[in-house]
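Below: one structure, written as structure tokens.
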Amino acid sequence: MPLPKDFIWGVAGASYQVEGAWNEDGKGPSIWDTYTHWRNSPVHNHETGDVACDHYHRYKEDVALLKEMGVKAYRFSISWTRILPDGIGSVNPKGIEFYSSLVDELIKNGIEPMVTIYHWDLPQSIFDRGGWLNPEIIGWFENYTKIVVEALSDRVKYWFTINEPQIFIGLGCYLGVMAPFKKYTDGEIFRMSKNVLLAHGTAVRTIRKYSKQEAKISYAPTGPSFIPDNDSPEAIEEARAKTFAFDKDGYVLSNSWWSDPIFLRKFPDGAKEFFGPDFSDFTEEEWDIVQSPLDFYGMNIYAAMRDLSKLSAAEGNGELTGEPLTALKWTITPEVLYWSAKFMHERYKVPVMITENGCACTDSVHLDGKVHDPQRIDFLKRYIREFYKAGEDGIPLIGYIHWSFMDNFEWAEGYDPRFGLVYINYQTQKRTLKDSAYWYKEVIETNGESLWK
Ligand code: NOJ
């Protein structure tokens, strides 16, 4: 049986992308609120997450949709500034109340809540104090995590500390194409990375210490994933080496930059030489924190990379001429789920959960009132089959979480890319289950058997 009986089929979303209610009930501003409101905002069409999917007000309706889809888990993130409007200081009871009610509603409907503590919406006031560059953020993040864990861990068992440091540091602070849209030097990125790693490890310890039940913890990284050109051992080795390469221009976007410290207690080979005088190692006590044991490997994964030199350009991945692409022009490369699951498990030695996978399509409501999205169904069938095959090869797999539950605010790309299994009409907030939602329901009901139909 490649997938265990208790395999977790879920869907995901994130606070800023779906909630809206950006300044309601005492919520403070995050950097995404600031930069989307900026008159020179680089976000597509000057769109903002002010209303987004209005999930803050419609969460009951949304949980009913999750139930209709038959999902077993919902991965969502907490907005730091809903809980602590200034990032530090006094707690906003309304913020706690919202997430607590959401968790209750999920549990009432038999859906496992999975919490991501940080999905990029850094409190503006913490950014003003230096953000990830200020080592005090480790303690601030610890305090925030403790508050959330004390409030929710009687009902929440699954936790993700941070989502895609590759992106919030790499695209946010290195390439400057996501909030805070700034470019820092390599020396600064090195210091930020250490603070992120320590904040992550400290949060893991905090969850273990304060959780009211045995917690399952990971983080949700992404990174370049390579597929071997053929089945020869040399080609497999080459793909593996590139998947974990320390590329001097794209190191901050890589797998090994973040996961080697966390799982292997080391910086990737080449890092020390590259940073020169900017390099400073962790102390043994700090390494103990960074390497706090995780229960599984979370993987956000969408497309294979074909050319490592494209990594730092943030434009394409070296696609072949005329290769099939999604609406966001990401390559359709299903085998990446097989190879990455295998490579990550072999290197980091823990079971694997896909924490995000999916595609943007040009969806619309058809004349019959339905949303027909055969491209997404075909995409998912191909990708999940490959993941299933990894299970057949003995890789321990514990879950597949689809991105996304519903269409939402795709960061700097705004609302055009539609990743959801549920279609959102942003003018009316009407939700419509796409064909893929019904297709996914059957996959879940048959624990993956229907993928082979
Ligand atoms: C990565 C991020 O975690 C999520 O926020 C984003 O919307 C999807 N992938 C799609 O780009």
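The values are calculated or read from the model by the stated rules, or taken from the named source; none is laboratory data. Owing to the predicted nature of the structure, the values given are computational and were not obtained by experimental measurement. Neighbour counts run over all protein chains shown; Cβ positions are idealised from the backbone, glycine included.
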task: Can you run down the residue pairs with Cβ atoms below 7 Å, 6 or more apart or on separate chains, where the first is in region 175-189 and over 26 Å from His37 (Cα atoms) and the partner is at pLDDT below 95 and crowded, with 16+ Cβ neighbours inside 10 Å?
output: none
Residue in region 388-411 that is farther than 26 Å from Ser77 by Cα and in contact with a Phe, Trp or Tyr (Cβ under 7 Å, 6 or more places away or on another chain) present: yes
query: Which one is surrounded by the fewest Cβ atoms within 10 Å (Cβ to Cβ), of the residues in region 380-406 that are in contact with a Leu (Cβ under 9 Å, 6 or more places away or on another chain) and in a loop (DSSP other than H, G, I, E, B)?
result: Ser404
query: Just one of Thr206, Thr222, Thr243 is within 16 Å of the ligand (Cβ to nearest atom) and within 22 Å of the chain's Cα centre (by Cα); which is it?
result: Thr222
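Per-residue answers, yes or no, for (1) of a type outside the set (A, V, I, L, M); (2) farther than 23 Å from His119 by Cα; (3) at pLDDT 95 or above:
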residue	(1), (2), (3)
Arg347	yes, yes, yes
Val352	no, no, yes
Ser364	yes, yes, yes
Asp368	yes, yes, yes
Val371	no, yes, yes
Ile377	no, yes, yes
Lys381	yes, yes, yes
Phe387	yes, yes, yes
Gly391	yes, yes, yes
Filtered residues of region 52-79 (kept if among the hydrophobic types (A, V, I, L, M, F, W, C) and surrounded by fewer than 17 Cβ atoms within 10 Å (Cβ to Cβ)): Ala64
Matching residues in region 407-429 - criterion: being surrounded by fewer than 24 Cβ atoms within 10 Å (Cβ to Cβ) and not in a loop (DSSP other than H, G, I, E, B): Trp411, Ala412, Glu413, Tyr423, Ile424, Asn425
Unmet requirement for Thr243, which otherwise passes all of (1) under 30 Å from Ser41 (Cβ atoms); (2) in contact with a helix residue (DSSP H, G or I) (Cβ under 6 Å, 6 or more places away or on another chain): (1)
- request: Identify, from the list Tyr16, Tyr35, the residue that is in a helix (DSSP H, G or I), buried (at least 17 other Cβ atoms within 10 Å of the Cβ) and touching an Asp or Glu at 6+ places or on another chain (Cβ under 7 Å).
  value: Tyr16
query: Listed residues Pro135, Pro93; which is more than 16 Å from the ligand (Cβ to nearest atom), under 23 Å from Thr283 (Cα atoms) and surrounded by fewer than 18 Cβ atoms within 10 Å (Cβ to Cβ)?
result: Pro135
message: Would you confirm whether or not region 399-418 contains a residue that is more than 16 Å from the ligand (Cβ to nearest atom), acidic (Asp, Glu), at pLDDT 95 or above and farther than 20 Å from Trp452 by Cα?
response: no
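Suppose we filter Ile289, Ile236, Ile301, Ile227 for residues that are touching a Leu at 6+ places or on another chain (Cβ under 9 Å), away from the ligand (no atom under 16 Å from the Cβ) and of a type in the set (Val, Ile, Thr); which single one remains? Lay out the reasoning, then the answer.
Values: Ile236 fails: touching a Leu at 6+ places or on another chain (Cβ under 9 Å); Ile301 fails: away from the ligand (no atom under 16 Å from the Cβ); Ile227 fails: touching a Leu at 6+ places or on another chain (Cβ under 9 Å).
When all the criteria are applied, what remains is Ile289.
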task: Say whether the condition of being modelled with pLDDT of 95 or more, assigned to a helix (DSSP H, G or I), surrounded by 15 or more Cβ atoms within 10 Å (Cβ to Cβ) and among the hydrophobic types (A, V, I, L, M, F, W, C) is met by at least one residue in region 217-229.
output: no
message: Looking only at region 96-132, count every residue that is among the acidic types (Asp, Glu) and either surrounded by 18 or more Cβ atoms within 10 Å (Cβ to Cβ) or at positive phi (or both) and tell me the total.
response: 3
- prompt: Are any residues in region 7-32 over 30 Å from Tyr388 (Cα atoms) and within 16 Å of the ligand (Cβ to nearest atom), and if so, which ones?
  reply: Tyr16, Glu19, Gly20, Ser30, Ile31, Trp32
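Looking at Ile444, is it assigned to a helix (DSSP H, G or I) and of a type in the set (Val, Ile, Thr)? Please lay out each step first, then the result.
Details: assigned to a helix (DSSP H, G or I): yes; of a type in the set (Val, Ile, Thr): yes.
The answer is yes for Ile444.
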query: Would you pick out the residues in region 80-125 that are part of a helix (DSSP H, G or I), within 21 Å of the chain's Cα centre (by Cα) and not polar (S, T, N, Q)?
result: Trp80, Arg82, Ile83, Tyr99, Leu102, Val103, Leu106
query: Does Val196 meet the test of being within 16 Å of the ligand (Cβ to nearest atom), surrounded by fewer than 20 Cβ atoms within 10 Å (Cβ to Cβ) and in contact (Cβ under 8 Å) with a residue 60 or more places away in the chain?
result: no
- prompt: Which pairs do you get when a residue that is on the phi > 0 side of the Ramachandran plot, found in region 35-47, comes within reach of a residue that is surrounded by 14 or more Cβ atoms within 10 Å (Cβ to Cβ), reach meaning Cβ atoms under 6 angstrom, with the pair 6+ apart or on two chains?
  reply: Asn45/Gly414
Subset of region 321-370 [buried (at least 21 other Cβ atoms within 10 Å of the Cβ), assigned to a strand (DSSP E or B) and within 15 Å of the ligand (Cβ to nearest atom)]: Met353, Ile354, Thr355, Glu356, Cys361
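Filter region 364-384 down to the residues that are in contact with a helix residue (DSSP H, G or I) (Cβ under 8 Å, 6 or more places away or on another chain) and either free of Cβ contacts under 8 Å to residues at least 12 places away in the same chain or more than 18 Å from Asp6 (Cα to Cα) (or both) and list them by number. Before the answer, list the steps.
Start the filter on region 364-384 by keeping residues that are in contact with a helix residue (DSSP H, G or I) (Cβ under 8 Å, 6 or more places away or on another chain), which leaves 370-374, 376-377, 380-381, 383-384.
Scanning region 364-384 gives Lys370, Val371, His372, Asp373, Pro374, Arg376, Ile377, Leu380, Lys381, Tyr383.
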